[in-house]
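Accompanying notes for the structure given below.
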Amino acid sequence: MRIALNGMLLRGEFSATAAPDDQFLITVPPGFSDALLARSNVICHYAPTWTGLRMGRIIWEQTALPRLLSRYGIDLLHAPGYTMPLRWRGPTVLTIYDILALREPQWCKATNVWHYRLMLPQSIRRAARIIVPSTTVKEELIEVLNADPGKISVIPLGADHIAGPVTDKQRLKAVRDKYGLPPDYLICVGNIEPKKNIEGTVKIFEEVAGRLPHHLVLVGRSGWQCRNALARIRTSPVSQRIHRLGYVPLQDLPALYSGAAACLHFSWYEGFGLPPLEAMRCGTPMVVSNRAALPEVVGGAALIADPNSPQAAAAIIRLLTDAELARKMVQRGHRRAAQFTWSGAAAQTVKVYREVVEDGYA
């Protein structure tokens, strides 16, 4: 097969090793390192410089990309970023990670809401198959956009980009010292933006701080509309026990997870939610929100609580004061996280490609 992937949103590594006998055309943004894609069956096509701006990228995808696909004689396009070029007449596999912009528009930029309201319904109708990371997103697509359930495939994301638990005490201390952290802490990983509920997480931490000696470590960039959350962190009565690290390189994450007594993820909405799986892979017990796909993803391997309820603080205290419960959650977490691999996700995705081409979708 000659497969095109719209990689205009690519950040980091991409692997085509699941389909070594197929040919891939990958469109990438200006400045992307093609060394990450250096394989004999991959052609890397750079988009023009002006596509570095979001509106430029959208215009290029809808106008120039269809012509490029025709020129290369592409059999199938995979559009992994919610929308597809509507002028492309060949079969398309579309990936949709969530419908936050339609379901909870107050947590999105107005431009995103406008774009997805316009493009998502048309893309869903035109796509030969749709890949989603969770049954939650599948059900939302059917309910909100009347998507055909027969063409939706649930393919979870992987967690094995995280190496696993760090047990070397010197390594754990070195990473703690690097970021100025105490031995006892809770960790929360996610960008500071409304849907991640960092403000609520700080409030919950304040409720437990009087009963536990732990600090709270926040990992993630400052994102859209982060002002209220940052103000809450700054003015919290326990602000001296809150550490905001910002972006942390991937190589430090396993040690940060492994050194934490627990990981908190009280997000309002997730179409999947990777940090809980990353933490469980590192042997860190979890307390997660009862919202959207998070209960589905953790699958009984974490404590689940309503972020708006006192049960959230109670769950943290219970986990940190009941050693046997924590041990069971760690064991379940290891088993649960091991089920989610990128090689498995890639193999399932290639299977969808073959089904689309062999069945003659258009």
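Any read-out appearing in this document is the output of simple, stated calculations on the displayed coordinates, not a laboratory observation. These figures come from a predicted structure and were not determined experimentally. So basically every Cβ, Gly included, is an ideal-geometry build from the backbone, and we count neighbours across all protein chains shown.
Tell me whether segment 103-148 comes out rounded, prolate or oblate; compute the Cα gyration tensor, take square roots of the eigenvalues as a ≥ b ≥ c, and use a/c under 1.5 as the rounded threshold.
Oblate, because a/c is 1.5 or more while a/b does not exceed b/c.
Assigning unit charges at the beta carbon (Lys, Arg +1; Asp, Glu -1) and nothing else, what dipole magnitude in debye, to the nearest 20, does segment 169-337 show about its Cα centre?
In total the dipole reaches around 340 debye.
Report, ordered by chain and residue number, the lysines lying within cross-link reach of Lys109, taken as a straight Cα distance under 17 Å and ignoring same-chain residues fewer than 8 apart.
Cα-Cα hits under 17 Å: Lys195, Lys196.
List the extent of the Cα atoms of segment 169-337 along each of their three principal axes, largest first, rounded to whole Å.
On the principal axes, segment 169-337 reaches 38, 37, 31 Å in Cα extent.
Just check segment 187-254 against the gyration tensor rule for me: Cα atoms, a ≥ b ≥ c as the square roots of the eigenvalues, rounded for a/c under 1.5, and otherwise prolate or oblate depending on whether a/b exceeds b/c.
It is oblate, given that a/c is not under 1.5 and a/b is not larger than b/c.
Lys and Arg at +1, Asp and Glu at -1: add these up for the other residues within a Cβ distance under 11 Å of Ala305 and post the number.
Overall, the nearby charge balance is +1.
Apply the Karplus parameterisation 6.51 cos²θ - 1.76 cosθ + 1.60, with θ equal to phi minus 60°, to every residue of segment 38-43 and state each ³J(HN,Hα) to the nearest whole Hz, in sequence, with x for glycine and proline.
Rounded to whole hertz, the list is 6, 9, 5, 9, 10, 9.
Could you pull out every residue, at least 5 positions away or on a different chain, whose amide H is within less than 5 Å of the one on Ser153? Hs are placed 1.01 Å off N in the peptide plane, and Pro or chain starts have none.
The answer is Ile130, Ile131, Val132.
Hey, what did the chain get for relative contact order, percent, Cα under 8 Å, at least 6 apart? Spell out each step's value before the answer.
Working: 666 pairs, mean separation 55.3, N = 362.
Relative contact order here is 15 percent.
With a sphere of radius 11 Å drawn around the Cβ of Pro85, what net charge do the other residues whose Cβ falls strictly inside it have (Lys, Arg +1; Asp, Glu -1)?
Local charge sum for Pro85: +3.
Compute the relative contact order of segment 169-337 as a whole-number percentage, counting only Cα pairs closer than 8 Å that sit 6 or more residues apart in sequence.
RCO, segment 169-337: 23 percent.
In nm, give the distance between the simple-model label positions of Leu9 and Arg89, each being 7 Å from the Cα along the Cα-to-Cβ direction.
If labels sit at Leu9 and Arg89, their model points lie 2.8 nm apart.
What are the ³J(HN,Hα) couplings of segment 2-10, residue after residue, when phi is run through the Karplus curve with 6.51, -1.76, 1.60 and θ = phi - 60°? Round to Hz, x for glycine and proline.
With the stated coefficients, segment 2-10 comes to 9, 10, 9, 10, 7, x, 5, 9, 5 Hz.
Between Leu76 and residues 5 or more places away or on another chain, which pairs have amide H atoms under 5 Å apart, with H built 1.01 Å from N, and which residues are they?
Amide H neighbours of Leu76: Arg2, Ala4.
Would you grab the residues whose amide H sits under 5 Å from the one on Ala47? Only those 5+ places off in sequence or on another chain, please, with H modelled 1.01 Å from N.
Amide H neighbours of Ala47, under 5 Å, 5+ apart: Val28.
Can you tell me which aspartates and glutamates have their Cα less than 12 Å from the Cα of Lys138? Leave out same-chain residues fewer than eight positions away.
Excluding near neighbours in sequence, the set is Asp98, Asp148.
Please name whichever of Phe32, Asn308, Ala4 sits farthest to the positive end of the charge dipole of the chain, dipole taken about the Cα centre and charges placed at Cβ: Lys and Arg +1, Asp and Glu -1.
Looking along the dipole axis, the top candidate is Phe32.
In whole Hz, with x marking every Gly and Pro, tabulate ³J(HN,Hα) for segment 295-307 from phi via Karplus 6.51 cos²θ - 1.76 cosθ + 1.60, θ = phi - 60°.
Those phi angles translate into x, 5, 5, 6, x, x, 9, 8, 7, 10, 9, 6, x Hz.
Out of segment 193-278, which chymotrypsin sites (Phe, Trp or Tyr not before Pro) are coil in DSSP terms and have no more than 10 other C-beta atoms within 10 Å?
The qualifying sites are Tyr247.
At q = 0.07, 0.10, 0.14 Å⁻¹, what log₁₀ I(q)/I(0) does a Debye calculation on the Cα points of the chain give, no solvent, two decimals?
Log10 of I(q)/I(0), two decimals: -0.33, -0.67, -1.22.
Based solely on its DSSP helices, what 222 nm [θ] is calculated for the chain when runs of n ≥ 4 H residues each add -39,500 (n - 2.57) and the sum is averaged over all residues, nearest 500 deg cm²/dmol?
The helix-only estimate for the chain comes to -12000 deg cm²/dmol at 222 nm.
Between rounded, prolate and oblate, where does segment 276-344 land on the alpha carbon gyration tensor, with a ≥ b ≥ c its root eigenvalues, rounded for a/c under 1.5, else prolate if a/b exceeds b/c?
It comes out oblate by the Cα gyration axes.
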